[in-house]
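J.: Would you mind keeping the following structure in view while I ask a few things?
The values are calculated or read from the model by the stated rules, or taken from the named source; none is laboratory data. Everything numeric here is computed off the predicted structure, so don't read it as measured data. Counting neighbours? That spans all protein chains shown, and the Cβs are built from the backbone with ideal geometry, glycine included. Surface accessibility is based on the protein's heavy atoms, side chains included, excluding ligands, DNA and RNA. Shrake-Rupley method; radii C 1.70, N 1.55, O 1.52, S 1.80 Å.
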Amino acid sequence: MQLERIRNSELHQKIMSAEEACDFIEDGMTVGMSGFTRAGEAKAVPKALAEKAKLNPMKINLMTGASLGNDLDKLLTEAGVLARRMPFQVDNTLRKAINNGEVMFIDQHLSETVEQMRNKQLPLPDVAVIEAVAITEEGHIVPTTSVGNSASFAIFAKKIIVEINTLHQPELEGLHDIYIPSYRPTRTPIPLVKVDDRIGSTAIPIDPAKIVGIVFTNQSDSFSTVTDPDEDTANIAKHLVNFFEQEVAEKRLPANLGPLQAGIGNIANAVMMGLLDSDFKDLTMYSEVLQDSTFDLMDAGKLDFASGCSIILSERCNSQVFNNLEKYRDKLVLRPQEMSNHPEIVRRLGIIAINTALEFDIYGNVNSTHVCGTKMMNGIGGSGDFARNANLSFFVTKSIAKNGAISSVVPMVSHVDHTEHDVDILVTEQGLADLRGLAPRERAVEVINNCVHPDYREAMLEYFERSCERGGHTPHILEEAFSWHTRLEATGTMKKS
């Protein structure tokens, strides 16, 4: 049964244990691993590598598509394996090591990693470790629940270790669309003009001679931890739906809105769930991660097609989808992340991008990554790829955090990931601020009146008015601009005593 997954019989001799496969990974190497938002990561080899490093200390530079599941970043960090990590992570243990300066973390736009490797600006992987559902007759690799950077890692790497995960159904084959851009200076346009276009192959085309080891596993991806919408996220969704209805009525958007993109996590997923109760239909999605809301919208007859880079689902939705894959196959495609996030495609398709902010300021600058300007949370992910190039760029967040101790709207963001020039609309449960066509002073009024929590609105307005007295195109009181953050660090709250 297992050998049926390796349709190139010459590769049967490459089957080995995860421990044996680890011998191909040596101290100081750059390793590219599959995995994107806790989906489709190789599972056995990283665990075996962590155990190996406990006995024989070693360091590697680890590149992935995005975050790894099954606590792999935690295990690798605790074993002291990681010297450098890029381009995204969500693990608490790794986050602490990053913020302590123990692991060098390179936070990148997710569309850029393999492009920089292609241009020799980043080192190519010595070894690629890729989870697969099968290997074809030609020796090509069929990914599982994510593509991420796996295709380019496998193409660039000197050696490839393949983990065939028999828990994943063979029916995943055919879901993927592997397209690799041509090289400069003769690069041609990417021939993708519709969300459901297929322009590549269904497997990763590599020379099978590079495969040095094949490991069999039978382990699920980590389940998504998304929760049901609460009152605040439901209100954010209502503000968005009302806005969309007005845009359609004014003929600024088509009746089906155009392709949608939504970031990962509770708030973005809940916002998409809000479309279930709307009158919108014939929707399409061109995004990175396909979450529960994608399939709930499909089941409701609202969403016709979804293009993504990975699928990460709750335990409930996971069984619903993967036990009925034939129901969704003609409505899905998984692409490499440099295609799902490609600026040219995002601009061409006219995508509506909805991403989550950690905080934003009164002029529309957004911080997606750093707590109080210094402590890394997860990374910028793909939000920047979409925000700068989208037809409409939304950032959403609850107006307060930590039971009101933190205002998510501040005088000046403590770290800038998305400048005011890339942000069109800001939304909290309090309301929506449409910043299009407004000068900085006008934007501030919109943000304060519509997005700031009542507990902080008076203080924010007072700051803005005093700033205006000093003058300037974008008024600020520099010695007070970060006072809300310094107060939080000193007293545990942004509120004045």
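J.: Being outside any helix (DSSP H, G or I) and open to solvent by less than 40 Å² (accessible area, probe 1.4 Å) is the filter; apply it to region 201-215 and report the residue that is nearest to Thr284 (Cα to Cα).
T.: Step one: list which residues in region 201-215 are outside any helix (DSSP H, G or I), which gives 201-207, 211-215.
Retained after the next criterion (residues that are open to solvent by less than 40 Å² (accessible area, probe 1.4 Å)): 203-204, 206, 211-215.
On the way: Ala203: 24, Ile204: 26, Ile206: 32, Ile211: 37, Val212: 40, Gly213: 39, Ile214: 37, Val215: 37 Å.
Ranking the candidates gives Ala203 first.
J.: Please specify each residue of region 217-259 satisfying the condition of being among the aliphatic types (A, V, I, L, M) and in a loop (DSSP other than H, G, I, E, B).
T.: Val226, Leu253, Ala255, Leu257
J.: What is the one condition in (1) closer than 28 Å to Leu349 by Cβ; (2) open to solvent by 20 Å² or more (accessible area, probe 1.4 Å); (3) of a type outside the set (Asp, Glu); (4) within 24 Å of the chain's Cα centre (by Cα) that Ile190 does not satisfy?
T.: (2)
J.: Let me ask something else about it. Every residue in region 250-266 that is over 16 Å from Ile352 (Cβ atoms) and either modelled with pLDDT of 95 or more or buried (at least 22 other Cβ atoms within 10 Å of the Cβ) (or both), please.
T.: Selection gives Ile264 alone.
J.: Right, next: On the basis of being at pLDDT 95 or above, under 15 Å from the mean Cα position of the chain (by Cα) and of a type outside the set (A, V, I, L, M, F, W, C), does Ser307 make the cut? Full working, then the answer.
T.: Numbers: at pLDDT 95 or above: yes; under 15 Å from the mean Cα position of the chain (by Cα): yes; of a type outside the set (A, V, I, L, M, F, W, C): yes.
Against the criterion (at pLDDT 95 or above, under 15 Å from the mean Cα position of the chain (by Cα) and of a type outside the set (A, V, I, L, M, F, W, C)), Ser307 qualifies.
J.: Could you check how many residues of region 89-112 are open to solvent by less than 20 Å² (accessible area, probe 1.4 Å) and under 20 Å from Thr145 (Cα atoms)?
T.: Start the filter on region 89-112 by keeping residues that are open to solvent by less than 20 Å² (accessible area, probe 1.4 Å), which leaves 89, 94, 97, 103, 108, 110-111.
Still in the running and under 20 Å from Thr145 (Cα atoms): 89, 110-111.
The qualifying residues number 3.
J.: What's the total number of residues in region 454-470 that are open to solvent by 30 Å² or more (accessible area, probe 1.4 Å) and either in contact with an Asp or Glu (Cβ under 9 Å, 6 or more places away or on another chain) or in a loop (DSSP other than H, G, I, E, B) (or both)?
T.: So in region 454-470, the residues open to solvent by 30 Å² or more (accessible area, probe 1.4 Å) come out as 454-455, 457-459, 461-462, 465-466, 468-470.
Next, from what is left, pick out any that are either in contact with an Asp or Glu (Cβ under 9 Å, 6 or more places away or on another chain) or in a loop (DSSP other than H, G, I, E, B) (or both): 466.
Qualifying residue count, region 454-470: 1.
Each row is one residue, and each column tells you yes or no for (1) part of a loop (DSSP other than H, G, I, E, B); (2) among the hydrophobic types (A, V, I, L, M, F, W, C); (3) open to solvent by 10 Å² or more (accessible area, probe 1.4 Å).
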residue	(1), (2), (3)
Arg329	no, no, yes
Val333	no, yes, no
Arg348	no, no, yes
Ala353	no, yes, no
Phe360	no, yes, no
Gly364	yes, no, no
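J.: Also: Kindly establish whether Leu438 is surrounded by fewer than 24 Cβ atoms within 10 Å (Cβ to Cβ), free of Cβ contacts under 8 Å to residues at least 12 places away in the same chain and touching a helix residue (DSSP H, G or I) at 6+ places or on another chain (Cβ under 9 Å). Can you show your working first?
T.: On the way: surrounded by fewer than 24 Cβ atoms within 10 Å (Cβ to Cβ): yes; free of Cβ contacts under 8 Å to residues at least 12 places away in the same chain: yes; touching a helix residue (DSSP H, G or I) at 6+ places or on another chain (Cβ under 9 Å): yes.
Against the criterion (surrounded by fewer than 24 Cβ atoms within 10 Å (Cβ to Cβ), free of Cβ contacts under 8 Å to residues at least 12 places away in the same chain and touching a helix residue (DSSP H, G or I) at 6+ places or on another chain (Cβ under 9 Å)), Leu438 qualifies.
J.: What pairs come up if the first residue lies in region 480-491 and is among the aliphatic types (A, V, I, L, M), the second is surrounded by fewer than 16 Cβ atoms within 10 Å (Cβ to Cβ), and their beta carbons are under 8 Å apart, counting only those six or more places apart or on different chains?
T.: Partner pairs satisfying both residue conditions: Leu488/Ala405.
J.: Check region 16-36 and report whether any residue there is under 23 Å from His168 (Cβ atoms), hydrophobic (A, V, I, L, M, F, W, C), surrounded by fewer than 18 Cβ atoms within 10 Å (Cβ to Cβ) and more than 21 Å from the chain's Cα centre (by Cα).
T.: Initially, region 16-36 is screened for residues under 23 Å from His168 (Cβ atoms), giving 16-22, 31-36.
Narrowing further to those that are hydrophobic (A, V, I, L, M, F, W, C): 16, 18, 21-22, 31, 33, 36.
After this cut, where a residue has to be surrounded by fewer than 18 Cβ atoms within 10 Å (Cβ to Cβ) as well, the list is 16.
Okay, now just the ones that are also more than 21 Å from the chain's Cα centre (by Cα), so 16.
Yes: region 16-36 contains one or more residues that are under 23 Å from His168 (Cβ atoms), hydrophobic (A, V, I, L, M, F, W, C), surrounded by fewer than 18 Cβ atoms within 10 Å (Cβ to Cβ) and more than 21 Å from the chain's Cα centre (by Cα).
J.: Kindly indicate whether Gly139 is open to solvent by 20 Å² or more (accessible area, probe 1.4 Å) and either at pLDDT below 95 or part of a loop (DSSP other than H, G, I, E, B) (or both). If you could, list the steps in order and put the result at the bottom.
T.: Values: open to solvent by 20 Å² or more (accessible area, probe 1.4 Å): no; either at pLDDT below 95 or part of a loop (DSSP other than H, G, I, E, B) (or both): yes.
Spelling it out, it is not the case that Gly139 is open to solvent by 20 Å² or more (accessible area, probe 1.4 Å) and either at pLDDT below 95 or part of a loop (DSSP other than H, G, I, E, B) (or both).
J.: Considering region 390-419 alone, what residues qualify as being under 26 Å from Glu231 (Cα atoms) and in a strand (DSSP E or B)?
T.: Leu392, Ser393, Phe394, Phe395, Val396, Ile400, Ala401, Ile406, Ser407, Val409, Val410
J.: Restricting to region 106-132, what's the tally of residues that are outside any loop (DSSP other than H, G, I, E, B) and within 16 Å of the chain's Cα centre (by Cα)?
T.: Adding up the residues that qualify gives 2.
J.: Can we say Glu10 is open to solvent by 50 Å² or more (accessible area, probe 1.4 Å) and either in contact (Cβ under 8 Å) with a residue 40 or more places away in the chain or under 25 Å from Thr145 (Cα atoms) (or both)? Reasoning before the result, please.
T.: Numbers: open to solvent by 50 Å² or more (accessible area, probe 1.4 Å): yes; either in contact (Cβ under 8 Å) with a residue 40 or more places away in the chain or under 25 Å from Thr145 (Cα atoms) (or both): yes.
So Glu10 fits the description; yes.
J.: Still on this structure: Just to be sure I understand, how many residues within region 367-394 are closer than 18 Å to Phe243 by Cβ and out of contact with any Gly (no Cβ under 9 Å at 6 or more places or on another chain)?
T.: If we filter region 367-394 for residues that are closer than 18 Å to Phe243 by Cβ, which is where we start, we get 386-387, 390-394.
Narrowing further to those that are out of contact with any Gly (no Cβ under 9 Å at 6 or more places or on another chain): 387, 393-394.
The number of residues fulfilling the criteria is 3.
J.: Something else about it: For region 167-181, enumerate the residues that are open to solvent by less than 40 Å² (accessible area, probe 1.4 Å) and not in a strand (DSSP E or B).
T.: First, pick out the residues of region 167-181 that are open to solvent by less than 40 Å² (accessible area, probe 1.4 Å): 168, 172, 174-179, 181.
Result: His168, Leu172, Gly174, Leu175, Asp177, Tyr179, Pro181.
J.: Run Leu297 past the list (1) at pLDDT 95 or above; (2) open to solvent by 10 Å² or more (accessible area, probe 1.4 Å) and report the number of the one that doesn't hold.
T.: (2)
J.: Find the residue count for region 303-326, including only residues that are open to solvent by 30 Å² or more (accessible area, probe 1.4 Å), outside any helix (DSSP H, G or I) and either touching a residue at least 24 places away in the same chain (Cβ under 8 Å) or touching a helix residue (DSSP H, G or I) at 6+ places or on another chain (Cβ under 7 Å) (or both).
T.: Summing the residues that are open to solvent by 30 Å² or more (accessible area, probe 1.4 Å), outside any helix (DSSP H, G or I) and either touching a residue at least 24 places away in the same chain (Cβ under 8 Å) or touching a helix residue (DSSP H, G or I) at 6+ places or on another chain (Cβ under 7 Å) (or both) in region 303-326 gives 1.
J.: Among the residues of region 441-452, write down those that are in a loop (DSSP other than H, G, I, E, B) and either open to solvent by 70 Å² or more (accessible area, probe 1.4 Å) or in contact with a Leu (Cβ under 6 Å, 6 or more places away or on another chain) (or both).
T.: Cys451
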